[in-house]
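Notes follow once the structure below has been shown.
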Amino acid sequence: MINFPFRLGATSYIIPADILPNLHYLAGKVQDVELVLFEVDDGPNNLPTPAQVDEMNALASEYGLTYTIHLPLDLRLADDGSLRHVSLEKARRVIECTRALDPWAYVLHLDGKAVRANPSPADYTRWLEQAETSLRQVGEWAGGLENLAVENLEGYLLDFYEPVFERVPVSRCVDVGHLWLDGHDPLPYLRRALPRTRVIHIHGLAERDHRSLAFAAPGQLRAVLDELIHAGYDGVFTVEVFSQEDFLSSLQALEAAANDS
């Protein structure tokens, strides 16, 4: 394992198997695993059972692992402004079945597609109020607003979520890969966001995002590592890829960048 001052992480879908085999594979290679959970309406889900949670906690104890939980849908209120929207119901179920893992953070997306391009002031204010309502409810389920990490998304203005952070004391998840995808230099964004950041996602860009860091320019990757080390960041740093080949080559790219910094 590379010795960084932050917690190196990976996703729970590196080898083509369910979550527990992935955790056994990743134990000793990383310090945090992002559990990517899904629940299809009236269909399958991979939400852990109490017995599986016990095994996850045993692995955490043996290997010093922590877990971050990626909530499955963009959070939003129902069309009538109530808390009955399916995204909130699914968030509640995920939190309830993973609370015993004492997650490092619950990573989430906020649904802002309807107001991300030239909204009227009234529409944006309404969205902002609804975002605050949904976050405060989910934060209550999660044991505190600081346990929620709101992720920046591709295709949004850099400051789109700043009014949310001003109103609600949630944490942040900075997705460096999304910033690269939109052509932004992530360093100024990181400097502003790091005091409230619990999780960082990083991934390379090839024919799509969430590819190996071997596709990232070495200078770009080294600059991100230098910024985090200089700032004393000690949160989770998740290599957000979804194959063994991308994971292993990402570790090699990180090691090369660290040795060159």
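Assuming W104 fulfils every condition listed in (1) at pLDDT below 95; (2) crowded, with 18+ Cβ neighbours inside 10 Å; (3) among the aromatic types (F, W, Y) apart from one, which condition is it?
(1)
Among the residues of the range 226-243, what is the count of those that are touching a helix residue (DSSP H, G or I) at 6+ places or on another chain (Cβ under 8 Å) and in contact (Cβ under 8 Å) with a residue 60 or more places away in the chain? Steps first, please.
Quick first cut of the range 226-243, residues touching a helix residue (DSSP H, G or I) at 6+ places or on another chain (Cβ under 8 Å) only: 227-228, 231, 233, 237, 239-241.
Adding the requirement that they be in contact (Cβ under 8 Å) with a residue 60 or more places away in the chain leaves 228, 233, 237, 239-241.
Final tally of qualifying residues: 6.
Only residues that are small (G, A, S) and in a strand (DSSP E or B): list them for the range 160-188, please. So that I can check it myself, show each step before the final result.
Residues of the range 160-188 that are small (G, A, S), as a first pass: 171, 177, 183.
Hit for the range 160-188 is S171, nothing else.
Can you find even one residue in the range 113-134 that is under 19 Å from L83 (Cα atoms), in a loop (DSSP other than H, G, I, E, B) and modelled with pLDDT under 95?
No, because not a single residue in the range 113-134 is under 19 Å from L83 (Cα atoms), in a loop (DSSP other than H, G, I, E, B) and modelled with pLDDT under 95.
Between a residue in the range 1-23 that is at positive phi and in a loop (DSSP other than H, G, I, E, B) and any residue that is modelled with pLDDT of 95 or more and hydrophobic (A, V, I, L, M, F, W, C), which pairs come within a Cβ distance under 6 Å, given they are 6 or more apart or on different chains?
Correct list of pairs: empty, since none qualify.
Go through the range 207-245 and report how many residues are assigned to a loop (DSSP other than H, G, I, E, B) and among the acidic types (D, E). Quick ask: steps written out before the conclusion?
First, the residues of the range 207-245 that are assigned to a loop (DSSP other than H, G, I, E, B): 207-210, 212, 216-217, 232-235, 240-243.
The next check asks that each one be among the acidic types (D, E); those that pass are 207, 209, 234, 240.
So the count comes out to 4.
Would you call E166 over 18 Å from the mean Cα position of the chain (by Cα), modelled with pLDDT of 95 or more, surrounded by fewer than 16 Cβ atoms within 10 Å (Cβ to Cβ) and not polar (S, T, N, Q)? Give the steps one after another, and end with the answer.
Working: over 18 Å from the mean Cα position of the chain (by Cα): yes; modelled with pLDDT of 95 or more: yes; surrounded by fewer than 16 Cβ atoms within 10 Å (Cβ to Cβ): yes; not polar (S, T, N, Q): yes.
For E166, the condition - over 18 Å from the mean Cα position of the chain (by Cα), modelled with pLDDT of 95 or more, surrounded by fewer than 16 Cβ atoms within 10 Å (Cβ to Cβ) and not polar (S, T, N, Q) - is met.
In the range 96-129, how many are farther than 30 Å from Q31 by Cβ, of a type in the set (A, V, I, L, M) and touching a helix residue (DSSP H, G or I) at 6+ places or on another chain (Cβ under 9 Å)?
Adding up the residues that qualify gives 3.
Would you say K90 is crowded, with 18+ Cβ neighbours inside 10 Å, touching a strand residue (DSSP E or B) at 6+ places or on another chain (Cβ under 8 Å), basic (K, R) and touching a residue at least 12 places away in the same chain (Cβ under 8 Å)?
On the way: crowded, with 18+ Cβ neighbours inside 10 Å: yes; touching a strand residue (DSSP E or B) at 6+ places or on another chain (Cβ under 8 Å): yes; basic (K, R): yes; touching a residue at least 12 places away in the same chain (Cβ under 8 Å): yes.
Yes.
Which of (1) under 26 Å from I15 (Cβ atoms); (2) of a type in the set (A, V, I, L, M); (3) surrounded by fewer than 22 Cβ atoms within 10 Å (Cβ to Cβ) is the odd one out, the single condition I229 does not satisfy?
(1) is the only condition that I229 fails.
Cβ-Cβ distance below 9 Å, separation of 6 or more or different chains: which pairs start in the range 113-141 with a residue that is farther than 19 Å from E166 by Cβ and end on one that is assigned to a helix (DSSP H, G or I) and among the hydroxyl-bearing types (S, T, Y)?
The qualifying pairs do not exist here.
Counting just the residues of the range 232-248 that are among the acidic types (D, E) and within 14 Å of L26 (Cα to Cα), which one comes out surrounded by the fewest Cβ atoms within 10 Å (Cβ to Cβ)?
Start the filter on the range 232-248 by keeping residues that are among the acidic types (D, E), which leaves 234, 240, 245-246.
Now drop any that are not within 14 Å of L26 (Cα to Cα), which leaves 240, 245-246.
Values: E240: 24, E245: 12, D246: 22.
That would be E245.
The values are calculated or read from the model by the stated rules, or taken from the named source; none is laboratory data. This structure is a prediction, so every number in the text was calculated from the model and none was measured. Glycine gets a Cβ as well: all are built from the backbone with ideal geometry, and neighbour counts include every protein chain shown.
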